[in-house]
1. Scan the stretch 311-321 and give yes if some residue there is farther than 23 Å from residue 146 by Cα, free of Cβ contacts under 8 Å to residues at least 24 places away in the same chain and in contact with a helix residue (DSSP H, G or I) (Cβ under 9 Å, 6 or more places away or on another chain), otherwise no.
2. Can you go through 243, 267 and tell me which one is closer than 21 Å to residue 348 by Cα, out of contact with any strand residue (DSSP E or B) (no Cβ under 7 Å at 6 or more places or on another chain) and assigned to a helix (DSSP H, G or I)?
3. Assess whether residue 304 counts as being surrounded by 21 or more Cβ atoms within 10 Å (Cβ to Cβ), closer than 29 Å to residue 38 by Cα and either among the hydroxyl-bearing types (Ser, Thr, Tyr) or free of Cβ contacts under 8 Å to residues at least 24 places away in the same chain (or both).
4. Of the residues 110, 160, 103, 168, only one is modelled with pLDDT of 95 or more, of a type in the set (Gly, Ala, Ser) and open to solvent by 30 Å² or more (accessible area, probe 1.4 Å); which?
5. When you scan the stretch 134-144, do you find a residue that is within 19 Å of residue 282 (Cβ to Cβ) and within 16 Å of the ligand (Cβ to nearest atom), even just one?
6. Here are 116, 57: which of them is within 16 Å of the ligand (Cβ to nearest atom) and of a type in the set (Val, Ile, Thr)?
7. Consider the stretch 314-339. How many of its residues are within 12 Å of residue 295 (Cα to Cα), open to solvent by less than 30 Å² (accessible area, probe 1.4 Å) and in a loop (DSSP other than H, G, I, E, B)?
Amino acid sequence: MKALLVVGTRPQLIKLASLVKVFDRDNIEYEIVHTGQHYDYEMDYAFFEELDLPEPVANLKIGSGLHGWQTGMMLMKVEEVYQQLKPVLVIVPGDTNSALAGGLAAIKMGIHVAHVEAGLRSGLPFMAEEINRVMLDHLSQLLFAPTDAAYNNLLHEGIGNQAVHLTGDVMADNLILFESKLDRVTLPVDLDSKSYVYVTLHRSENVDDSEKLKALVEALIEIPKQHNLKLVFPVHPRTRKRLEEQDLYNKLNGAEGIHLLKPVSYLTSLGLVKNSAMVLTDSGGLQKESFILRTVVITLREVTEWVETVQCGWNILVGVDPFKINEAVRQFINVKPRPVDALKLYGNGRASERISKTIVEYLE
Ligand code: UD1
């Protein structure tokens, strides 16, 4: 066994789509290890089917839990898999607990680690994903930075430029890979193009804080009232749980112009982005996807790791402030940003190719 790809969450499965196709083409010997951090059909297996990913060689079935417990369980189980399969390289995409566990268990066994999507920083030292990123970047032997900003962050932290490769972003590659399918996607709601805002919300710092969640729900309810826009909102399981705990789910569901859905597939999500008037999200991936698909995006965070989306005028950071959210919606209805060749900023759809080439050379 040459390489193991360790993943466990929905965004990580998406990051594999273009990568494994190029690995196959380049004859890299690899297997996928799934930690089971995500396990609902809509969050997990549906993505294997739609993205045509190979079955994992192992599913550790860890599931949900506190961070220490979840990461610790993954460390123990993934170590057993490494002992059995003896990979020479472990590849981890993204910044989830699954990625950290995959990398940490490997390096402790002397197995080299490659981090896909290295160098992203929010500057928030207590954010779970930031902790995972910093640790992973400082223990990896191969770091694949998706953007100039990410590349520079790594050099500023003193990581030798031998290890760091500016490759572009594998999620941008996906947009080219699936471009031809996008126009044929059936959307889950029957709404005119550009008549709705596509909403997603799942970050722990937003949904686990009851005051913030309440403010966000109020802000969402106001949008159809104040602007001629509907909302389409597929609800992440974590968010649904929190909304239900506070009796907010039914409030949102009953509100005028709001369509709540189950989590949607990857292509459906891209279709929703492409046809929406704007995106309102706290996801990282959706900020880029919107930017590349030329849909403006309002980000429900104070900072972003994808700084180029803001610098080019396609993304406004509003946090959870209802006033700022409303103002940003108004601004984007009235003023459209200048078109930009966003794909170029993310490696022109060739990130997976560059990553694969570097790995082939490294393994040799
Ligand atoms: C994780 C990642 C986050 C990523 C996100 C994408 C970490 C620290 N966070 O957060 O970076 O953006 O995935 O979704 O790794 N749940 C289900 N079914 C599932 C998965 C989760 O019901 O299939 C519920 C459970 O109630 C669980 C909660 O969601 O407690 C949170 O799950 P967690 O493992 O913390 O992942 P995310 O919040 O999705």
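1. At the first step, the residues of the stretch 311-321 found to be farther than 23 Å from residue 146 by Cα are 318-321.
From what is left, the residues that are free of Cβ contacts under 8 Å to residues at least 24 places away in the same chain are 318-319.
Filter again for in contact with a helix residue (DSSP H, G or I) (Cβ under 9 Å, 6 or more places away or on another chain), leaving 318-319.
Among the residues of the stretch 311-321, at least one is farther than 23 Å from residue 146 by Cα, free of Cβ contacts under 8 Å to residues at least 24 places away in the same chain and in contact with a helix residue (DSSP H, G or I) (Cβ under 9 Å, 6 or more places away or on another chain), which makes the answer yes.
2. Matching residue, one of 243, 267: 267.
3. In short, no.
4. Values: 160 fails: modelled with pLDDT of 95 or more; 103 fails: open to solvent by 30 Å² or more (accessible area, probe 1.4 Å); 168 fails: open to solvent by 30 Å² or more (accessible area, probe 1.4 Å).
Among 110, 160, 103, 168, only 110 is modelled with pLDDT of 95 or more, of a type in the set (Gly, Ala, Ser) and open to solvent by 30 Å² or more (accessible area, probe 1.4 Å).
5. No, the stretch 134-144 has no match at all.
6. Values: 57 fails: within 16 Å of the ligand (Cβ to nearest atom).
Only one candidate qualifies: 116.
7. Total meeting the criteria: 2.
For (1) more than 17 Å from the chain's Cα centre (by Cα); (2) within 16 Å of the ligand (Cβ to nearest atom); (3) surrounded by fewer than 19 Cβ atoms within 10 Å (Cβ to Cβ), each residue gets a yes or a no:
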site	(1), (2), (3)
12	no, yes, no
24	yes, no, yes
27	yes, no, yes
30	yes, no, no
37	no, yes, no
42	no, yes, yes
65	yes, yes, yes
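The values are calculated or read from the model by the stated rules, or taken from the named source; none is laboratory data. Only a predicted model underlies this, so the values are computations on that prediction, with no experimental measurement involved. Methodologically, a virtual Cβ is constructed for each residue, glycine included, from the backbone with ideal geometry; neighbour enumeration extends over all protein chains shown. SASA here: full protein model, heavy atoms, side chains in, ligands and nucleic acids out. Shrake-Rupley method; radii C 1.70, N 1.55, O 1.52, S 1.80 Å.
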